[in-house]
Ligand code: SF4
Ligand code: SF4
Ligand code: SF4
């Protein structure tokens, strides 16, 4: 446990992270990792996509020495994108909800395809696919190209954050629509029913 950082803004910590939302750090997304650093629960060396630029920026912001990437963090294949073997895809759609940028298109029971320009290569779809028909291939895109500094990466990070926010909104809307469709229909009370009958009778005369 480290000391909490109440004097450093959570947004400033989050701004050092690349917004790839790949979960390599061990947290649900970049914001959750930023919160863990802010509260003193996590070290600054758990973000592989952020590279040296992120660790150095966090070290300067939090007034700590820069450290190398933690040993227990999985590697990250920079400048790769996911490719679906469309002949093997069963159209189960399991890869859609985990994709932070909504880079996969396809309807249920139809083959799915990755829009390479929007793919970060985070591999979350690969973990979700039940038939193992997604692999990574080396392709550099605006969503995954490596930048040497936070300033150069700023527009890419902003784009990825926007896409992730939109993704979360879409998931929430889907959950709410499902809940509404399954909600028990409440019968109108007697007074409302009577008023409705009278109104309709009046309209007919
Ligand atoms: S990009 Fe870095 S901070 Fe964001 S989820 Fe991946 S490892 Fe965690
Ligand atoms: S398509 Fe797969 S690898 Fe690419 S961003 Fe989406 S989940 Fe990540
Ligand atoms: S999870 Fe795999 S099999 Fe299912 S739709 Fe996605 S790519 Fe196809």
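The values are calculated or read from the model by the stated rules, or taken from the named source; none is laboratory data. Everything quoted here is computed from the prediction, not taken from an experiment. Reconstructed Cβ throughout: ideal geometry from the backbone, glycine too, with neighbour counts over all protein chains shown.
Below are the figures for this structure:
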quantity: Residues of the stretch 82-105 satisfying the condition of being touching a strand residue (DSSP E or B) at 6+ places or on another chain (Cβ under 6 Å) and away from ligand 1 (no atom under 16 Å from the Cβ); calculated: 83, 84, 95, 96, 104, 105
quantity: Counted residues, the stretch 70-88 - those being crowded, with 18+ Cβ neighbours inside 10 Å and within 19 Å of residue 150 (Cα to Cα); calculated: 1
quantity: Residue pairs meeting the criteria (Cβ under 6 Å; at least 6 apart or on separate chains; first over 12 Å from residue 84 (Cβ atoms) and touching a residue at least 12 places away in the same chain (Cβ under 8 Å), in the stretch 98-111; second assigned to a loop (DSSP other than H, G, I, E, B) and away from ligand 2 (no atom under 11 Å from the Cβ)); calculated: 108/93; 109/91
quantity: Residue 121, sole failed condition from (1) surrounded by fewer than 16 Cβ atoms within 10 Å (Cβ to Cβ); (2) in contact (Cβ under 8 Å) with a residue 40 or more places away in the chain; calculated: (1)
quantity: Count - residues of the stretch 132-147 that are away from ligand 3 (no atom under 11 Å from the Cβ) and either assigned to a loop (DSSP other than H, G, I, E, B) or on the phi > 0 side of the Ramachandran plot (or both); calculated: 9
quantity: Residue 88 being in a loop (DSSP other than H, G, I, E, B) and assigned by TED's automatic domain parsing to the domain that holds residue 127; calculated: yes
quantity: Matching residues, the stretch 124-145, being closer than 17 Å to residue 159 by Cα and either crowded, with 17+ Cβ neighbours inside 10 Å or free of Cβ contacts under 8 Å to residues at least 24 places away in the same chain (or both); calculated: 141, 143, 144
quantity: Odd one out for residue 140, checked against (1) in contact with a strand residue (DSSP E or B) (Cβ under 7 Å, 6 or more places away or on another chain); (2) modelled with pLDDT of 95 or more; calculated: (1)
quantity: Qualifying residue in the stretch 148-166 (condition: within 26 Å of residue 21 (Cα to Cα) and either assigned to a loop (DSSP other than H, G, I, E, B) or in the same structural domain as residue 53 (by TED's automatic domain parsing) (or both)); calculated: yes
quantity: Failed item in (1) more than 21 Å from residue 155 (Cα to Cα); (2) surrounded by 14 or more Cβ atoms within 10 Å (Cβ to Cβ); (3) free of Cβ contacts under 8 Å to residues at least 24 places away in the same chain, with residue 115 passing the rest; calculated: (1)
quantity: Entirely in the stretch 7-70, the helices (runs of 4 or more DSSP H) that have 3 or more residues that are within 12 Å of ligand 1 (Cβ to nearest atom) and touching a residue at least 40 places away in the same chain (Cβ under 8 Å); calculated: 51-61
quantity: Filter result (touching a helix residue (DSSP H, G or I) at 6+ places or on another chain (Cβ under 8 Å) and near ligand 3 (Cβ under 10 Å from one of its atoms)) within the stretch 105-131; calculated: 114
quantity: Residues located in the stretch 166-205, provided they are surrounded by 11 or more Cβ atoms within 10 Å (Cβ to Cβ) and at pLDDT 85 or above; calculated: 166, 167, 168, 170, 171, 174
